[in-house]
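Novice: I'd like to ask you about the structure that follows.
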Amino acid sequence: MKFLHTADIHLGAKNIKLSLDKQSQIRAEQNALISRLFDKAEEDYDAVLICGDLFHNKSVPAGISSNFFRAVEEFGRPVLYIKGNHDEKFDFKNLPSNFVILDEDNPFVSFGDTVIYGQVSPETIYKSYDKTKTNILMLHGDIQNRTSGDFIDVHQYVDKFDFKYVALGHVHSYSEFKLNKSVMVYSGSLFSNGFDESGDKGFVEIDTDELKFTFHPFATRRYMICSCDITDILSYKDMLNKIKAELSKNACKESDLIRIILTGYYTEESNKYINAMKTELSNYFYLEIVDQSKLKIDFDKIKEDTLSFKAEFLLLVEQNESGAFKEKICQLGIEALRGDDISI
Ligand SMILES: [Mn+2]
C-alpha cells in the first residue's frame, strides 16, 4: 500500500511582509495546491496522513477550510489526521465522512495488513497492537528537544512496539531519524510561509510493500536565502553580478521569494546601492536585501589624504566616536558625501 504523509500545512497563515495583492495571489495558489495534492493522492495513494497543524489557528477564513474539506470529500479515500499545537482548538464540525480524526476514542485505522495509529497513549496502543501487522504511528511534536513544551518521548513508543514508520509533524523542514527498528520522518511543511522555512517543500510517500519512503518536492513557490560576500568588490556592477551569480548557484527561480544577505567588508570606496540592486532584481516574485556587511576603513591611509571632505569627516569621527555607533556614522556620512539616498 502507498500512503501520502504531510504535516504543518498551516492553512490561513499569512506573510505580512508581502503586499495585499501578493498575499491574495499566494492564498489562491495554496488553495490550488491543496486540490493538486488530492488529485495526486487520487492517482497514487490509498490514504493521506496529516500529522497536525493543518490550520494555522482556531479560526481561519471559511473559504480556506471549505476548499480544503471539499478536496477531501472529492478524494473519497481516508484522510487521517491528528491534532497539532496550532489547530488543537479548531472547531472540526460538518466533516466529510472520510476525514478521520485519530485520538484516544478512535486510535487507529486498518488497511489490510497495515495499521495506522494516531497520537495516543502506549496503553491504548497495547490494547489492539498486533506485531504481525505493518504498524505505522502518527505524532506531532518535538522528538529531540526535551526542554520544549511540545516534546514527545518517542522511546515510549518505539521501545515497546515495532513501528515500521513514524510519521511526524511539527518541524517544518524534512528530516529523518532511526531509532531501534523504526524510521521516523518529519515531512516538513507542504509549502512555506516565511524565510524561517526556506528550500524545497513537499510530502513523503510511504510504500509499505517495499518498506520504502521518499520525499517529493511539491510546492512551486519557495523561500530561498542566499548569502553574498561583498568583500573587495568596489563597483556597483560587480556587486550586482556577484549577487546574480549567487542566485543562479542556488538555482533560484523568478517565482521564488528571496532574501539576499550581504556579508563581508566594504570600504568607503565601495558602491553599494541597495535600492538600485532591488530594482534591478525586481523580476523575482519577492526579493529583499539584508545588509550585514561591515564598513572597514583604513584610517592610516586616510590620514595621508587630508585634503578631502571625506578624509576630514572620517578622521573627525574617529577621534570622537567608537564602536557600532562610529561605524554607522562613517557609513551614513560616506553615503551622504557621495550623494546617495540615505536611510536612517
Ligand atoms: Mn507547525
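The values are calculated or read from the model by the stated rules, or taken from the named source; none is laboratory data. The structure presented is a predicted model; accordingly, all values stated were derived computationally and were not measured. Positions of Cβ are backbone-derived with ideal geometry, glycine not excepted, and every protein chain shown enters the neighbour counts.
Novice: For a quick check of your reading: which helices (runs of 4 or more DSSP H) sit entirely within the range 243-344 and have at least 1 residues that are farther than 30 Å from Phe191 by Cβ and of a type in the set (Val, Ile, Thr)?
Specialist: Here the list reads 299-303, 309-320, 323-338.
Novice: Got a sec? Which of Asp232, Asp238, Asp196, Asp207 is modelled with pLDDT under 95, away from the ligand (no atom under 16 Å from the Cβ) and of a type outside the set (A, V, I, L, M, F, W, C)?
Specialist: Asp232
Novice: Turning to a different aspect of this structure: Anything in the range 285-306 that is without any contact (Cβ under 8 Å) to a residue 60 or more places away in the chain and in contact with a helix residue (DSSP H, G or I) (Cβ under 8 Å, 6 or more places away or on another chain)? List them, or say none.
Specialist: Result: Leu287, Ile289, Asp291, Lys294, Leu295, Ile297, Phe299, Ile302, Lys303, Asp305, Thr306.
Novice: So which strands (runs of 3 or more DSSP E) stay within the range 62-143 end to end and still have 1 or more residues that are within 18 Å of Phe38 (Cβ to Cβ) and touching a helix residue (DSSP H, G or I) at 6+ places or on another chain (Cβ under 6 Å)?
Specialist: Counting at least 1 such residues, we get 79-82, 99-101.
Novice: Continuing with this model, one more query. Would you mind telling me which numbered condition in (1) more than 16 Å from the ligand (Cβ to nearest atom); (2) closer than 30 Å to Lys22 by Cα; (3) surrounded by fewer than 13 Cβ atoms within 10 Å (Cβ to Cβ) Arg146 fails?
Specialist: (2)
Conditions tested, residue by residue: (1) of a type in the set (S, T, N, Q); (2) crowded, with 21+ Cβ neighbours inside 10 Å; (3) not assigned by TED's automatic domain parsing to the domain that holds Glu176.
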position: Phe38; (1), (2), (3): no, yes, no
position: Val72; (1), (2), (3): no, yes, no
position: Glu88; (1), (2), (3): no, no, no
position: Ser128; (1), (2), (3): yes, no, no
position: Lys131; (1), (2), (3): no, no, no
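Novice: Can you tell me which residue within the range 245-276, out of those that are under 16 Å from Leu234 (Cβ atoms) and crowded, with 19+ Cβ neighbours inside 10 Å, is modelled with the lowest pLDDT?
Specialist: Glu268
Novice: Of all residues in the range 7-35, which are assigned to a helix (DSSP H, G or I) and either within 16 Å of the ligand (Cβ to nearest atom) or free of Cβ contacts under 8 Å to residues at least 40 places away in the same chain (or both)?
Specialist: Leu20, Asp21, Gln23, Ser24, Gln25, Arg27, Ala28, Gln30, Asn31, Ala32, Ile34, Ser35
Novice: Please list, ordered by first then second residue, the pairs with beta carbon atoms under 9 Å, 6 or more apart or interchain, first in the range 58-79 and farther than 24 Å from Ser24 by Cβ, second of a type in the set (Val, Ile, Thr) and in a helix (DSSP H, G or I).
Specialist: Val79/Val72
Novice: Moving on. Residue by residue through the range 210-243, note down the ones that are under 23 Å from the mean Cα position of the chain (by Cα), closer than 22 Å to Asp196 by Cα and of a type outside the set (Phe, Trp, Tyr).
Specialist: Those that are under 23 Å from the mean Cα position of the chain (by Cα), closer than 22 Å to Asp196 by Cα and of a type outside the set (Phe, Trp, Tyr): His216, Pro217, Ala219, Thr220, Arg221, Arg222, Met224, Ile225, Cys226, Ser227, Cys228, Ile243.
Novice: Restricting to the range 109-125, what's the tally of residues that are touching a Lys or Arg at 6+ places or on another chain (Cβ under 9 Å), of a type in the set (Val, Ile, Thr) and over 14 Å from Lys2 (Cβ atoms)?
Specialist: Number satisfying all stated conditions: 2.
Novice: Now for a separate question. It is to be established whether one or more residues within the range 204-213 are of a type in the set (Ser, Thr, Tyr) and under 23 Å from Asp39 (Cα atoms).
Specialist: yes
Matching residues to (1) closer than 30 Å to His5 by Cα; (2) in contact (Cβ under 8 Å) with a residue 24 or more places away in the chain:
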site: Met184; (1), (2): yes, yes
site: Ser198; (1), (2): yes, yes
site: Arg222; (1), (2): yes, yes
site: Ile225; (1), (2): yes, yes
site: Ile230; (1), (2): no, yes
site: Ser255; (1), (2): yes, yes
site: Thr279; (1), (2): no, no
